[in-house]
Amino acid sequence: MTTTRGLEGIVATQSSVSSIIDDELTYQGYGIDDLANNASFEEVIYLLWNGELPSQKELKSFTEKLASEAEVPEQIFTQMKAYPIEQVHPMAALRTAISTLGLFDEDAEVMNEEANYEKAIKLQAKIPTIVTGFERIRSGKEPIKPNKDLSFAANFLYMLNGETPDDLSVEAFNKALVLHADHELNASTFTARVCVATLSDVYSGLTAAIGALKGPLHGGANEAVMNMLLEIGKPEEVEPYLRKALDNKEKIMGFGHRVYKNGDPRAKHLRDMSKQLTDVIKESKWYDMSLQIEEMITKEKGLLPNVDFYSATVYHSLGIKHDLFTPIFAVSRTSGWLAHILEQYSNNRLIRPRAEYIGPNKRNYVSVESR
Ligand SMILES: CC(=O)SCCNC(=O)CCNC(=O)[C@H](O)C(C)(C)COP(=O)(O)OP(=O)(O)OC[C@H]1O[C@@H](n2cnc3c(N)ncnc32)[C@H](O)[C@@H]1OP(=O)(O)O
Ligand SMILES: O=C([O-])CC(=O)C(=O)O
């Protein structure tokens, strides 16, 4: 038996949802640059789940269906109000809320293609309401009901802040959602597939995926990037901070990638948005510091920024609290997780690899009195 640490390079499944070939990312064959520059997030969800971009008519009815499912059972919010809210990370709250949501779906255990697609719609529609509702509750405010007349991106910002967002914010947020929607067999998507490959239900798959995204080596890195920038504080501190971190062999959040060795194709879009948005809020120092960090880490370690690096300053510029960055990643990635869950069900086989045993040799039990 040979083991491959972290399953690096192992091809564990076939998928038509998204591909990374020669450092190029596509969703169902459409290049990420094309989608990021042109598509609405609603179109991307439809594409990931159906394999084709929607016609105008299909998009209209899909968008209406999503909007009609956006409210959540009041009990979700009642339960949140009972959490020890000041110690609860929003990703932990989201993980619990998605699991709880399953309790209120009478079809949670129904296992057929149509029922699973319906559950996908419900989950994608409700996750923004949950994330924003939690933020409102912990800020001592009431959750805001979804507005059916707004796009997915605009409605998220509206439910978060209680105001109709400006066009630039909506455009930037929509682009961020498109860029984060899917990414082949990343750790959280693999987690979702492993879970549902036991023929467990969609809610379990999504709950498992959220747990995997939460960690700082994966989706949690975007919050960690902002924490690093805050800790550094000002441009002149970048060099000494990084020098110390590198000397201590610390990981620099937002850099490196298991698959991309020549750079993450999503990063340039986020870098451009970060420049534009930090200028708008007159806090260009965050962008300048990010560039400085990029230059030094690339020069000294040969590492390039991943999707999490510049998304941090994009979300910060949109006035979003830093511990909501990863839940926002989850709102977007739910579309990809669900596409993979539906694909897994459609051609399922239990996922069960082997472990190379490195424990003690076989030995005999010794009774507790003789130990
Ligand atoms: C959406 C996403 O999930 S994107 C990734 C988000 N995560 C991060 O940004 C966290 C920081 N980055 C990392 O920890 C890693 O680059 C990962 C987890 C993304 C990829 O990890 P792996 O493919 O396992 O690479 P691994 O951690 O083995 O790194 C290889 C070498 O590069 C170094 N390295 C990799 N990333 C970094 C980093 N961000 N900072 C400093 N050194 C790094 C490692 O220390 C290691 O060096 P060594 O060979 O001297 O021990
Ligand atoms: O693919 C990965 O390993 C991590 C990543 O970039 C993502 O999930 O978007």
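Which number in (1) touching a residue at least 40 places away in the same chain (Cβ under 8 Å); (2) under 26 Å from Asp264 (Cα atoms); (3) under 15 Å from the mean Cα position of the chain (by Cα) marks the one condition that Thr207 misses?
Condition not satisfied by Thr207: (2).
All but one of (1) touching a helix residue (DSSP H, G or I) at 6+ places or on another chain (Cβ under 9 Å); (2) within 12 Å of ligand 2 (Cβ to nearest atom); (3) in the same structural domain as Trp286 (by TED's automatic domain parsing) hold for Phe190; state the number of the condition that does not hold.
Failed condition: (3).
Pairs please, first residue from the stretch 287-311 and part of a strand (DSSP E or B), second anywhere and more than 13 Å from ligand 2 (Cβ to nearest atom), Cβ atoms under 6 Å, 6+ apart in sequence or on different chains.
Pro305/Glu294
What's the number of the condition Glu369 fails, among (1) under 25 Å from the mean Cα position of the chain (by Cα); (2) surrounded by fewer than 10 Cβ atoms within 10 Å (Cβ to Cβ); (3) among the acidic types (Asp, Glu)?
Of the numbered conditions (1) under 25 Å from the mean Cα position of the chain (by Cα); (2) surrounded by fewer than 10 Cβ atoms within 10 Å (Cβ to Cβ); (3) among the acidic types (Asp, Glu), the odd one out for Glu369 is (1).
In the set Gly162, Gly133, Gly140, which member is in the same structural domain as Leu101 (by TED's automatic domain parsing) and crowded, with 19+ Cβ neighbours inside 10 Å?
Gly133
Conditions (1) in contact (Cβ under 8 Å) with a residue 24 or more places away in the chain; (2) surrounded by fewer than 16 Cβ atoms within 10 Å (Cβ to Cβ), marked per residue:
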position: Lys65; (1), (2): yes, yes
position: Ala82; (1), (2): no, yes
position: Glu86; (1), (2): yes, yes
position: Asn116; (1), (2): yes, no
position: Ala120; (1), (2): yes, no
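Just one of Ala108, Ala153 is surrounded by fewer than 23 Cβ atoms within 10 Å (Cβ to Cβ), touching a residue at least 24 places away in the same chain (Cβ under 8 Å), assigned by TED's automatic domain parsing to the domain that holds Asn37 and touching a helix residue (DSSP H, G or I) at 6+ places or on another chain (Cβ under 9 Å); which is it?
Sole residue among the options that is surrounded by fewer than 23 Cβ atoms within 10 Å (Cβ to Cβ), touching a residue at least 24 places away in the same chain (Cβ under 8 Å), assigned by TED's automatic domain parsing to the domain that holds Asn37 and touching a helix residue (DSSP H, G or I) at 6+ places or on another chain (Cβ under 9 Å): Ala108.
The values are calculated or read from the model by the stated rules, or taken from the named source; none is laboratory data. Just so you know, these numbers come straight off a predicted model, no measurement behind them. FYI the Cβ positions are ideal-geometry reconstructions off the backbone, even for glycines, and counts take in every protein chain you see.
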